[in-house]
Amino acid sequence: MITIIGCNKGGAAKTTTAINVAVGLAMRGGDVCLVDADAQRSASRWYAEREDSDLEPRITLIEKRDNISATLRNLDEKYEHVIVDVAGRNSRELITGGTVAHQIIAPHQCSQLDLDTMEELRLQIEAIRDLNSELKVFCYQTMATTNPLLQGNERHEFLEFVTEFETITPLSSVGCYRKVYRDVMSQGKSVLETDNLKAREEVLALLNEVFGC
Ligand SMILES: Nc1ncnc2c1ncn2[C@@H]1O[C@H](COP(=O)(O)OP(=O)(O)O)[C@@H](O)[C@H]1O
Ligand SMILES: [Mg+2]
């Protein structure tokens, strides 16, 4: 199964979501290939740390840019899960990858700057679905507030905005703003490999909702 973690905004937590999902699926025994399709190479740098630290479970990382559709098709025959990290902002990798993917997880913060890019995503999905009518698209709220007084309103605002886009399904699972997500990036780890229970639960809920595991 090919899953692209993509949207049109840098800093929306695409790479963070991709590496946590990749490790989570591998922890369940899945054979996982993470594709770094972003020239900024954040996933590759994270992976280099993981390899240096000899962390288990092992996953495979492949770097591929520009037209990634043929590469993804090939990888899909070899791996149970292909997780693709693309660049923000109308990337060629999101479009070419989208034509062969099974699903896109689009991370967005509840901020006007992130949500403003959703119309662009809607138009891209419309074009991609002409070639790949089965493509599923999920919106994942990231860096949500942990303040209980603000949480309800923020979530309401997010859902009110996203539900206007009929082709984009908002996920029930939410990722909150937690320092541990930043810390693990430089350690080659997933939050699932830390003792932060809340962050772990967030990633497990996402895996359960999207991958049913
Ligand atoms: N849930 C989170 N809580 C706190 N910081 C986060 C969270 N998710 C991502 N970040 C941080 O936000 C920044 C952008 O995340 P990143 O995954 O690199 O975004 P993108 O790949 O969409 O550009 C990084 O510094 C990352 O560590
Ligand atoms: Mg990134």
Quick one: if you stick a label point 7 Å off each Cα along the C-beta vector at Arg178 and Ser53, how many nm between them? 1.6 nm
GNM flexibility winner over the chain from Tyr181, Tyr79, Tyr140 (Cα, springs under 10 Å): Tyr79
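Pull out a ≥ b ≥ c, the square roots of the eigenvalues of the alpha-carbon gyration tensor of the range 2-211, then state rounded if a/c is under 1.5, prolate if not and a/b is larger than b/c, and oblate in the remaining case.
In terms of gyration-tensor shape, oblate.
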Protection proxy (average C-beta count within 10 Å per residue), highest first, orders 110-119, 50-59 as 110-119, 50-59
The range 105-114 - phi-based ³J(HN,Hα) in whole Hz, Karplus 6.51/-1.76/1.60, Gly and Pro as x: 9, 10, x, 9, 8, 7, 9, 4, 4, 6
What 222 nm value per residue comes from the helices of the chain, counting each DSSP H run with n ≥ 4 as -39,500 (n - 2.57) and dividing by all residues, nearest 500 deg cm²/dmol? -13500 deg cm²/dmol
What does the extension gain come out to for Glu160 and Leu113, with contour length at 0.36 nm per residue minus their alpha carbon separation? 15.3 nm
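Considering only the other residues whose Cβ falls under 10 Å of the Cβ of Arg92, what net charge follows from Lys and Arg at +1 and Asp and Glu at -1?
Neighbourhood net charge equals -1.
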Between the range 90-134 and the range 24-72, what is the separation of their alpha carbon centroids in Å? 21 Å
Want the number for Glu120 to Asp66: 0.36 nm per residue separation, take away the alpha-carbon distance, what's left? 17.5 nm
In the neighbourhood of Val35 defined by beta carbon distances under 13 Å, the net charge of the other residues (Lys, Arg +1; Asp, Glu -1) is -1
Whole-number percent relative contact order across the chain, with pairs defined as alpha carbons under 8 Å at least 6 apart: 26 percent
According to a simple spin-label model (label point 7 Å from Cα along Cα-to-Cβ), what is the distance in nm between Lys136 and Asp31? 2.3 nm
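Any read-out appearing in this document is the output of simple, stated calculations on the displayed coordinates, not a laboratory observation. What you see is a predicted model, and the numbers here were worked out from it, not measured in a lab. Reconstructed Cβ throughout: ideal geometry from the backbone, glycine too, with neighbour counts over all protein chains shown.
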